[in-house]
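Below: the structure, in structure tokens.
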Amino acid sequence: MNNFRSAIQDCDLSDLGYIGRWYTWEKGHFSASNIRERLDRGLASPSWWSLFPDFTLRHLSHTISDHCPLLVDTMGNVGPSSDHTLQGFRFDANWLLEPDFEKIVEQSWNATSDDVPSKLSRLAVAVKKWCRSLKGRRNRQRSLLQSRLEELSMADPGDEVLAELLDVKLALNLEDDKDELFWEQRARVNWLKCGDRNTQFFHSWASFRRKKNRISKLKRDDGSWESHDEAMASIASTHFQQLFTAQQVDNPNEILRSIRPSITRDDNVMLRRQVTKDEIFCAVK
């Protein structure tokens, strides 16, 4: 660990902080054996801080692994829009994981006795219509599961809570399997290109210091958090006014009585007497 800390210091890396739950690792499905710790962290150099001043690091919900994913958002709210309209019909393999997909195909195929091309065209229309409603149901289902997972993760780890937590994680795992199939189909056209065209960045240290010194939230005396600028300014002003305001001490002798003497009375008399010229001369020489 000493070598690890030395490497972090030599590379001038700093903790990126986090948003969300306080822990990143959890073990044990029963309250008697449940352990939670923050084992996973994000570290970055000053040049990275300067390059991405509006970043956020969020602890996401974890379902498959004991460790929760850490999502680093380098773009903030200026990222590209994800609203893409697909033209034509494209089959998604994750539809096979839906319980009602086979029923939709069977009903559409047996609805007419036309030739195969006509049946395929009719099937495409029916599946596209079904898919539009499927996206909304998936989003609602995932949102409900994520909300419930967050509530259970912050609750006291009792046996009933951990049992329900396991069921919710299994349901989210199925949703993740559907997403994984979706992206596996598109893996051939989504390879990241190695390297970056922008090989040199000239960013001042001021940007790094501004991000590092920025306060995103403050804790009140009652333990609650505040993230609005005006409210944080009021909390900081009140805190420092109380901190630097002199308070009258009722009886300072009570403090002195708690201090244990470390020198004798004779030593105290010797230390407090007038300094002689000979003592000054010996000290200087």
* Structure fact -> Given the conditions (1) at pLDDT below 70; (2) within 23 Å of D15 (Cβ to Cβ), every one holds for N198 apart from (2)
* Asked: Of the residues in region 35-55, how many are polar (S, T, N, Q), buried (at least 17 other Cβ atoms within 10 Å of the Cβ) and either more than 26 Å from F4 (Cα to Cα) or modelled with pLDDT of 85 or more (or both)?
  -> 0
* Structure fact -> Just one listed residue, out of D221, D266, D250, is of a type in the set (D, E), farther than 30 Å from L51 by Cα and in a helix (DSSP H, G or I), and it is D266
* When region 42-61 is examined, which residues are found to be within 27 Å of D167 (Cα to Cα) and either outside any strand (DSSP E or B) or not assigned by TED's automatic domain parsing to the domain that holds A171 (or both)? -> L60, S61
* Kindly establish whether D114 is over 30 Å from A171 (Cβ atoms), acidic (D, E) and in the same structural domain as L172 (by TED's automatic domain parsing). => yes
* To do: Would you mind finding the one in S153, S133 that is surrounded by 14 or more Cβ atoms within 10 Å (Cβ to Cβ), among the hydroxyl-bearing types (S, T, Y), assigned by TED's automatic domain parsing to the domain that holds E37 and modelled with pLDDT under 80?
  => S153
* Structure fact -> For S65, the lone unmet condition from (1) of a type in the set (S, T, N, Q); (2) out of contact with any Ser or Thr (no Cβ under 9 Å at 6 or more places or on another chain); (3) modelled with pLDDT of 80 or more; (4) surrounded by 11 or more Cβ atoms within 10 Å (Cβ to Cβ) is (4)
* Kindly indicate whether any position in region 25-41 is β-branched (V, I, T) and in a strand (DSSP E or B). => yes
* Condition met for Q141 (assigned by TED's automatic domain parsing to the domain that holds R58, without any contact (Cβ under 8 Å) to a residue 60 or more places away in the chain, exposed (fewer than 15 other Cβ atoms within 10 Å of the Cβ) and closer than 24 Å to R58 by Cα) -> yes
* Of all residues making up region 101-135, the number that are among the polar types (S, T, N, Q) and either part of a helix (DSSP H, G or I) or in contact (Cβ under 8 Å) with a residue 24 or more places away in the chain (or both) -> 5
* With the condition kept exactly as written, say whether any residue in region 158-175 is at pLDDT 75 or above and part of a loop (DSSP other than H, G, I, E, B). => yes
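The values are calculated or read from the model by the stated rules, or taken from the named source; none is laboratory data. Keep in mind that what you see is a predicted model, and the values were worked out from it rather than measured. So basically every Cβ, Gly included, is an ideal-geometry build from the backbone, and we count neighbours across all protein chains shown.
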